[in-house]
Amino acid sequence: MRSASILSLGLLMCWTTDSRDILNGLVGLRVPYSVAFMVVTAVRFLPIIITEVATVITVQRLRGFNPKRFGSGIIKTSLNILTPTLSNCVRRTGTLAVSIQSRAFRANTERTYLKKTEVFGI
């Protein structure tokens, strides 16, 4: 029950809070900016990956693939779902990396912020 409530509250916070505010909050908690940026980026891509997995399953069912739930068929099912999903994730990661580098991420050691976030009155 505790795990489900923590997971639900975490997802609720991520879905209702702007990514910039989460990033500023993590930086305010003294998390290094690079790590905070990676966390926020990963959270933003979770719904995209979930949608992609659903799309892969639908396409495979339309092709006549019958996914097995138990036994040795679960390994084949997992590989058939994860292979196209991971290839799309790798392609998307390459595009994201080029975009981040072209915007000079971590070019300066000092960062500036549009809004300064107060965390716990610190």
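Summary table
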| quantity | calculated |
| --- | --- |
| Förster radius 41 Å - calculated FRET efficiency between L86 and E110, Cβ distance, rounded to 0.05 | 0.65 |
| Probe 1.4 Å, accessible area per residue of region 1-68, Å² | 75 |
| Residue-span extension gain [I50 to N66] - 0.36 nm each, minus C-alpha spacing | 3.8 nm |
| Förster radius 41 Å - calculated FRET efficiency between R30 and S78, Cβ distance, rounded to 0.05 | 0.60 |
| Heavy-atom accessible area order for L82, L7, L96, L23, largest first, 1.4 Å probe | L7, L82, L96, L23 |
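The values are calculated or read from the model by the stated rules, or taken from the named source; none is laboratory data. In this text, all values refer to a predicted model and were calculated from it rather than measured experimentally. Cβ: placed from backbone, ideal geometry, glycine included. Neighbour counts: every protein chain shown. When the accessible area is computed, the model is the full protein with side chains, heavy atoms only, and any ligands, DNA or RNA have been set aside. Shrake-Rupley method; radii C 1.70, N 1.55, O 1.52, S 1.80 Å.
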